[in-house]
Each structure stands twice: as C-alpha cells, then as structure tokens.
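To start, the structure under review is shown below, and the notes come after it.
Computed from the coordinates by the stated procedures, all read-outs in this text should not be read as laboratory data. It should be emphasised that the depicted structure is a prediction, and the values quoted were computed from it without experimental measurement. Virtual Cβ from ideal backbone geometry, glycine too; neighbours counted across all protein chains shown.
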Amino acid sequence: MSAIPPRSPVVDHVDDDETIALLQELLHFHTENPPGNEAPAAEYLAGYLGRLGFQTRCYESEPGRASLVARLPGRGGGRSLATSTSVPSGTAGRAIPGAARSRTAGSTAEARAT
C-alpha cells in the first residue's frame, strides 16, 4: 500500500462550487450511448475552457460524435503535460437522482464516464 501523496498547492486554487456547477451543467446533456451525441457537451466544455485561456478544437468522427482537444500554452518553454479523457456519458434509462439539482453539506453526487 502506498502512502497518500502530499496535497498539491494547485488544489488550493480549485473552486468547489464552480466545479460542482460545471458538472451539474454537464449532466443536462443527453450523451447516452448509443447514439452518443457528445458534440453539444464537447462544445459547451470548449466554451468554458476557452474563457479560461485554453485553445480548443472539436473533432467529429461522425455527426454528433465529437472529441474535444484543449491546449493551455505554457509560459516557460519547459516540459508539457498531455492528458486524455472522455466526455461523461450516461447509460440509457439511468439517471442520477438529484445530482443536477442540488448539493447539501457533506453530500456527494458521483457520475462515471462510460
């Protein structure tokens, strides 16, 4: 069992309320697979990240099936970091009750990308 790494100073700059609001907005997009239709969610994320200074571009493998590439240019000529993830999608017929409606102290709503 490995030790828990020390908390990163970056975490201190994360706004929990803003993060939860973003996730609540994403839960409103119908991205169930099939058919997918991730393009509206990818475009929403592109706008959000663009306002934060990211360069964004959506690529469609077929109509409605978009992938988002976001790049935050560095400032010092150092090493780069690349990461990849999927736009969260639900399973047809399943919902996360209350996840998009509210957040109460001590409660957590969880969604998983499929």
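Taking a ≥ b ≥ c as the square roots of the eigenvalues of the Cα gyration tensor, segment 15-71 is oblate, since a/c reaches 1.5 or more and a/b is not larger than b/c.
Packing here is the average count of other Cβ atoms within 10 Å per residue, and on that basis the peptides 71-78, 58-65, highest first, run 58-65, 71-78.
Per-residue Karplus couplings for segment 12-24, computed as 6.51 cos²θ - 1.76 cosθ + 1.60 with θ equal to phi - 60°, are listed in order as 5, 9, 7, 8, 4, 5, 5, 4, 5, 4, 4, 5, 4 Hz, Gly and Pro entered as x. Here the Karplus curve 6.51 cos²θ - 1.76 cosθ + 1.60, taken at θ = phi - 60°, turns the phi angles of segment 31-36 into couplings of 10, 4, 10, x, x, x Hz, with x standing for Gly and Pro.
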